[in-house]
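This report concerns only the one structure given below.
Every number in this text was worked out from the coordinates using simple rules, so none of it is lab data. Quick caveat: nothing in here was measured; it's all calculated off a predicted structure. So basically every Cβ, Gly included, is an ideal-geometry build from the backbone, and we count neighbours across all protein chains shown.
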Amino acid sequence: ERLIDHDRRAKWTTRRLQESGMWVQLSLSAPRRLARLHLVYGDHYRDRARESELWVRQANVWRKWPMRVVSDLNRFEFINNHPVYGDISRTLVFEPVLTDGLRLVILDANPSFSWTLFQAEKYEEKRD
């Protein structure tokens, strides 16, 4: 719940060193057509995996989504159409998918750090 509570001061962490195969899951109350996931690391930006993969849940079946997540970070965020520096984050943009759950799975761990995230913000596909 801390990942989706809109409070960037609260954090989620594994409280143990990263390992390949670790995962964090976001469950949605109803299926949504998602196209983007914004991960906020705050001042714990070193606590990210080197590489992860995204899984989606559709009709209670998990499947790997065709994208790899590498450790690139956003230089800044846009808030109210203005660039804002501060919170370190990463935005995953992917082919829109109707899903009721997302799972981020570590492929290449950063074994010197635990896995810490401050916020996960999901965005639905924009429709004209």
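Tabulated results
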| quantity | calculated |
| --- | --- |
| Straight-distance crosslink candidates among lysines, where the alpha carbon sits under 18 Å from residue 64 and sequence neighbours closer than 8 are dropped | 122 |
| Mean separation of Cα contacts under 8 Å (6+ apart) over length of the chain, as relative contact order % | 47 percent |
| Full-extension gain in nm, residue 108 to residue 72, via 0.36 nm per residue minus C-alpha separation | 11.6 nm |
| Gaussian network model of the chain, springs between alpha carbon atoms under 10 Å - residue of 74, 60, 110 with greatest fluctuation | 60 |
| Long-range amide H partners of residue 119 with built H, under 5 Å | 40 |
| Per residue, the convex hull volume that the Cα atoms of the chain enclose (Å³) | 114 Å³ |
| Sites residue 79 and residue 125, calculated FRET efficiency, Cβ-Cβ separation with R0 25 Å, nearest 0.05 | 0.75 |
